[in-house]
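In what follows, a structure is listed as structure tokens, so that the remarks can point back to it.
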Amino acid sequence: MPADFAGSVRAFARALLVAVGAVAVLAAQAKPAKVDAAGLYKARCQMCHLASGDSKVKNMSFTDGIWVHGSDVEQVSAVIKDGVKGTAMLPFKGKLSDAEVEALAQFVRAFDTKLQPGRQ
């Protein structure tokens with residue numbers, strides 16, 4: 001094998017390794033960070049909805065099977081983002097990322113044992 005051909009192969013192999021490494025770094029950066037929904041709930045929601053989600057205030061319990069504004073993840077996320085005018089539920093739009101809102105919506109739905117897991 002000629003020396004210049006072998007050098008070209010080695011250069012190509014190095015460039016390929018650099019490219020594969022760059023793709024791996026970009027892929028790792030593209031993965032969203034895991035959201036600590038329990039921690040968010042404790043910090044942002046627990047004071048009103050209680051640790052077990054069973055607030056005794058009307059329409060503030062997640063355990064009674066009553067979801068005034070809908071119980072699917074999208075509907076619960078909308079309540080978290082936009083709040084509910086005329087109630088104590090303030091909007092969290094701009095304070096929480098979309099991933100955090102969705103994680104919280106899924107988390108609070110889990111308090112209601114009547115909702116089927118995995119079902120929106």
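Legend: ranking of residues Asp98, Asp64, Asp4 from fewest to most surrounding C-beta atoms inside 10 Å; resulting order Asp4, Asp98, Asp64.
Compute the Rg/Rh shape ratio of the range 47-119: radius of gyration over Kirkwood radius, all on alpha-carbon atoms.
0.93
Taking all Cα pairs closer than 8 Å and separated by 6 or more residues, the relative contact order of the range 48-94 comes to 19 percent.
Throughout, read-outs are computed from the coordinates displayed, never taken from laboratory work. Keep in mind that what you see is a predicted model, and the values were worked out from it rather than measured. We place every Cβ from the backbone using ideal geometry, glycine too, and count neighbours over all the protein chains shown.
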